[in-house]
Amino acid sequence: MQQTYHEQFISQNQAEWSIYINLVKLLKPNHINQLYIVLGLGRSGISAARLLKSEGKKVLILENNSNDKLINTSNKLKAEGINNILIGEPLHI
């Protein structure tokens, strides 16, 4: 049986989908619309996350790289209550 377009997309992007599914599982269904995902731990991403956090929003930063500087930045943000994930490989979204 031939796969639908969506099934093909999901099978080709399994790693990204598994990350997304795990994130959704961590959240209660009534809070999904209140999560703001910021892409990148650059200056603008950090500023956006801090602004959202200051407004009481639930924030998650996704960064596709991982090095000592980003790990240090990640730890500082976690201490501020801003969740983030260093994936260490490109996201194809």
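The values are calculated or read from the model by the stated rules, or taken from the named source; none is laboratory data. From a predicted model like this one, the values you see are computed outputs, not experimental measurements. As a convention, Cβ positions derive from the backbone with ideal geometry for all residues, glycine included, and neighbour counts pool all protein chains shown. Ligands, DNA and RNA are stripped out before the accessible areas are found, and what is left, the full protein with its side chains, is counted by its heavy atoms. Shrake-Rupley method; radii C 1.70, N 1.55, O 1.52, S 1.80 Å.
Quick notes on this one:
- For segment 41-93, the carbon plus sulfur part of the accessible surface works out to 48%, probe radius 1.4 Å.
- Accessible area (Å², 1.4 Å probe, nearest 10) - Glu55: 110
- Separation in nanometres of the label points that stand 7 Å from Cα toward Cβ, at Ala79 and Gln34: 2.7
- Each peptide among 67-76, 38-47 gets the average number of other Cβ atoms lying within 10 Å of its residues, and from highest to lowest they stand as 38-47, 67-76.
- Summing charges over all other residues whose Cβ lies under 15 Å from the Cβ of Val59, with Lys and Arg as +1 and Asp and Glu as -1, gives +3.
- Net charge of Cβ neighbours under 11 Å - reference Leu77; Lys, Arg +1; Asp, Glu -1: +2
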